[in-house]
Structures are given as C-alpha cells and as structure tokens.
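The values are calculated or read from the model by the stated rules, or taken from the named source; none is laboratory data. Note that the structure is a prediction, hence the values are computed from the model and not measured. Positions of Cβ are backbone-derived with ideal geometry, glycine not excepted, and every protein chain shown enters the neighbour counts. Side chains included, ligands, DNA and RNA excluded: accessible areas come from the protein's heavy atoms. Shrake-Rupley method; radii C 1.70, N 1.55, O 1.52, S 1.80 Å.
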Amino acid sequence: MTDTQRQTGAAAEGTDTLSRLEQEGEIAADYLEGLLDIADLDGDIDMDVEADRAAVSIISDSTSRDLQKLVGRDGEVLEALQELTRLAVNRETGDRSRLMLDIAGFRARRREELAQVGAKAAEEAKSTGEAVRLDPMTPFERKVVHDAVAAAGLRSESEGEEPQRRVVVLPA
C-alpha cells in the first residue's frame with residue numbers, strides 16, 4: 001500500500017467517523033426534542049462533535065429556570081438523561097454511543113470548576129510531595145480532573161468502586 005493510499009484510507013475513515021458522530025447527534029437531538037415537547041419545556045438543541053464524540057446541548061434564551069429541572073441536583077438528572085439518550089442512539093444505530101449531553105451550560109461550567117480543582121490538587125501534591133485524594137466523582141468529572149492534572153505535569157489515577165470512585169493525584 002502506498003502512502004497516498006494510506007492517507008486516502010485514513011481520510012475516508014475520518015469522514016466516516018465524523019458522519020457517524022453527526023448521525024448520533026441528529027438521533028439524540030430528535031429524541032431530546034420529543035422529551036422537551038412531552039415535558040412542555042422550551043429549549044434549543046445544539047449539536048457538535050468534540051474530542052471524537054457527539055456533543056449535544058440543550059440551551060434556552062429564556063430567563064426561566066425550567067431547564068434546571070433537567071439538570072437536577074449536582075447533575076444527577078442530566079446524567080440519567082444522557083444515558084437514556086445514549087440508549088436511544090444505540091437503538092437506532094446498533095452501536096454504543098459515547099455522546100455527551102449538556103443542559104443549560106451545566107457541564108461547561110462544571111468542566112471549568114473541575115479543571116481548577118485538578119490544577120489545585122496538582123499544586124498541592126507538588127508542594128507537599130504526598131498523594132492528594134479528592135472526593136468521589138462521576139466518570140465525566142474524573143476525566144476532566146485527570147486531564148487537568150496531566151496538563152500540570154503530574155500523574156493521577158482513579159481508585160475505589162462506583163459511586164465512591166475518586167481521583168488520586170500522585171506527586172512527581
């Protein structure tokens with residue numbers, strides 16, 4: 001196989017992946033629009049592809065806090081809706097989905113907060129020379145913290161069993 005054939009194959013695979021992720025986003029958007037209609041909630045659906053996964057957001061221009069009902073306490077309802085949406089995508093495509101759902105900017109805000117938590121824990125581990133154990137987190141939250149710790153030049157690992165699984169930041 002020539003380099004040109006490899007590049008063409010890789011480009012086609014990338015296009016196929018993008019097309020598949022866009023399809024996941026469209027299926028998820030249809031499912032979520034139906035959910036919003038049933039719940040009589042106002043919201044617009046925004047679709048994107050981020051970090052090799054479909055990303056769907058429900059946003060609202062209104063000042064109403066209706067969408068907060070879909071986020072729930074600490075994002076618990078959002079996590080459940082994400083799983084239901086992934087199941088809806090799986091039912092249509094036959095493939096497991098890694099779709100990420102955000103509602104009213106909750107995940108975006110939480111990502112910023114967690115990046116700060118990870119950076120602060122990395123600084124603490126560097127200064128004390130001791131491992132820093134954080135509070136239990138969801139898989140999404142742990143991933144953001146692991147990324148922030150890696151960006152700070154340290155290693156981290158997860159320990160424990162769900163729902164008590166936590167990030168441990170290791171000193172250099």
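Couple of notes before you dig in:
- Using just its DSSP H runs of length 4 or more, each adding -39500 (n - 2.57), the chain gives a mean residue ellipticity at 222 nm of -19000 deg cm²/dmol after division by all residues.
- GNM result for the chain, Cα springs below 10 Å: residue of Glu79, Glu162, Glu22 fluctuating most strongly: Glu162
- Karplus-based coupling profile of region 28-33, in residue order and whole Hz: 4, 4, 4, 4, 5, 4, with θ = phi - 60° in 6.51 cos²θ - 1.76 cosθ + 1.60 and x standing for Gly or Pro.
- Computed accessible area, Ile38, all protein chains, 1.4 angstrom probe, square angstrom: 150
- Heavy atoms of Lys143: accessible area, 1.4 Å probe, square angstrom to 10: 120
- Once you reduce region 110-172 and region 34-56 to the center of their Cα atoms, the two points are 29 Å from each other.
- Rolling a 1.4 Å probe over the protein chains gives Val77 an accessible area of about 60 Å².
- Listed residues Arg20, Arg73, Arg86, most fluctuating in the chain (Gaussian network, C-alpha, under 10 Å): Arg73
- Taking 0.36 nm per residue of sequence separation and removing the Cα-Cα distance, the Ile59/Ser127 pair yields an extension gain of 20.4 nm.
- For region 77-172, alpha-carbon Rg and Dmax in angstrom: 15.4, 51
- Close amide-amide hydrogen proximity is noted between Leu67 and no other residue 5 or more places distant or on a separate chain, at a cut-off under 5 Å (H modeled in the peptide plane; Pro and chain starts excluded).
- In Hz, Karplus ³J(HN,Hα) per residue of region 69-85 (6.51, -1.76, 1.60; θ = phi - 60°; x = Gly, Pro): 4, 7, 8, x, 6, 6, x, 4, 5, 4, 4, 5, 5, 4, 5, 5, 5
- Label-to-label distance, nm, for residues given as Val49 and Asp30 (7 Å Cα→Cβ offset): 1.9
- When P(r) over Cα pairs in 5 Å bins from 0, in percent is calculated for this entry, the matching label among (i) 1, 8, 14, 15, 14, 14, 13, 10, 6, 3, 1, 0; (ii) 1, 7, 13, 15, 13, 11, 9, 7, 6, 4, 4, 3, 2, 2, 1, 1, 0, 0; (iii) 1, 9, 19, 23, 22, 16, 8, 2, 0 is (i).
- Accessible area of the chain divided out per residue, in Å², using a probe of 1.4 angstrom: 62
- Dipole moment magnitude, nearest 20 debye, region 11-61 about Cα centre, only Lys, Arg, Asp, Glu C-beta charged: 220
- Taking every C-alpha pair closer than 8 Å and separated by at least 6 residues, the mean separation divided by the residue count of region 46-132 gives a relative contact order of 29 percent.
- Computed from point charges on the beta carbon alone (+1 for Lys and Arg, -1 for Asp and Glu), the dipole magnitude for the chain about its Cα centre is near 780 Debye.
- Comparing Ala151, Ala54, Ala104 in a Gaussian network model of the chain (Cα springs below 10 Å), the most mobile by mean-square fluctuation is Ala151.
- Model label sites at Arg20 and Gln68, defined 7 Å from Cα along the beta-carbon direction, differ in position by 4.0 nm.
- Carbon/sulfur fraction of accessible area - region 34-139, other protein chains in place, 1.4 Å, %: 46
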